Amino acid sequence: MRGWFVDTIVDTGRLPLFMMMVAFAVAFLFIRLSTRLIRAEVPWWPGNVTPGGLHIHHVMFGLVTMLVSGFGFIALANYHTPVANCVLAAVFGTGSALVLDEFALVLHLRDVYWKEEGRASIDAVFVAFSVTVLFALGVHPLGLNSGAIDTDSVGMVVVSVLVLLLQYALVVVTVLKGKIWTGLLGLFFPLLLLPGAWRLARPRSPWARWRYAQRPAKQQSALNRERRFRVPVHAGKIRFQEAIAGRHDDVS
């Protein structure tokens, strides 16, 4: 394991990414534990930060932390500072977790932390963490990996660019069909885009509204597929998220 870590993370220069990933996960788990203890009114836990009666949400601490780490990265950009880079990356990961944990609050401009809308925060955290893990492992999105465009000749450049454009077009179609996770992972694993773009859209997706409105058979097929496959998967996702983040209210 140590050899794999050195070869895959350290020697490739991805140690700051790894530190950011770990700090992100630890900060998210800690802040969710804190908010669950506060919600349960556990007497020995410090509780909310309320100087003068003003409730300061942890998104504020996250913003300040991200600004400090970002300034540090910029200030040290012209210096070789591997240790500082790892520390600042961990600080940035901590701040990012605090901000994204209240993503729904920023989106709706009201406190929906434990409401149904608050689930958007958990989705945002899961997306950000998944992307960070892939980057830490050296898996890059379409076009950002080395050798994505063959520069041996003008013809190969044109072909490479056309292939990338096709792949990104499939990403757009997949997302418009309401398959957000498939589109996201398809940026890293293009083969997922083929079934994502080809199969039926989700019934409430933009694609379904545009293409199925005058095609009731297609809309019904999409509804049947949603009930058969998507609903059980979504219920499982909610149970998994709530096991980590706490139970949200059923209605906002």
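Only residues that are without any contact (Cβ under 8 Å) to a residue 24 or more places away in the chain, closer than 20 Å to V64 by Cα and not in a loop (DSSP other than H, G, I, E, B): list them for segment 88-120, please. Residues satisfying the conditions are F103, A104, L107. The condition of being in contact with an Asp or Glu (Cβ under 6 Å, 6 or more places away or on another chain), surrounded by 18 or more Cβ atoms within 10 Å (Cβ to Cβ) and either modelled with pLDDT of 95 or more or not polar (S, T, N, Q) (or both) holds for only one of A104, A89, that being A104.
Taking segment 1-32 as the range and being surrounded by fewer than 17 Cβ atoms within 10 Å (Cβ to Cβ) and at pLDDT 95 or above as the test, the residues that pass are V22, A25, V26, L29, F30.
Test F71 against the criterion of being modelled with pLDDT of 95 or more and under 20 Å from A245 (Cα atoms), and give yes or no.
no
If the condition is being assigned to a loop (DSSP other than H, G, I, E, B), free of Cβ contacts under 8 Å to residues at least 12 places away in the same chain and not β-branched (V, I, T), then segment 18-70 contributes A40, E41, P43, W44, W45, P46, G47, N48, L54, H55.
In this structure, F188 does not satisfy being in contact (Cβ under 8 Å) with a residue 24 or more places away in the chain and under 30 Å from I56 (Cα atoms).
Looking at segment 222-246, which of its residues are within 20 Å of S34 (Cβ to Cβ) and touching a helix residue (DSSP H, G or I) at 6+ places or on another chain (Cβ under 7 Å)? Scanning segment 222-246 gives Q241, I244, A245, G246.
Selection within segment 109-153: residues that are over 18 Å from the mean Cα position of the chain (by Cα) and over 25 Å from L187 (Cα atoms). The member of this set that is modelled with the lowest pLDDT is S153.
Selection of helices (runs of 4 or more DSSP H) fully inside segment 146-252 by the criterion of at least 3 residues being over 25 Å from D123 (Cβ atoms) returns 154-176, 216-225.
The values are calculated or read from the model by the stated rules, or taken from the named source; none is laboratory data. These figures come from a predicted structure and were not determined experimentally. Heads up, the Cβs are rebuilt from the backbone with ideal geometry, glycines too, and the neighbour counts pull from every protein chain shown.
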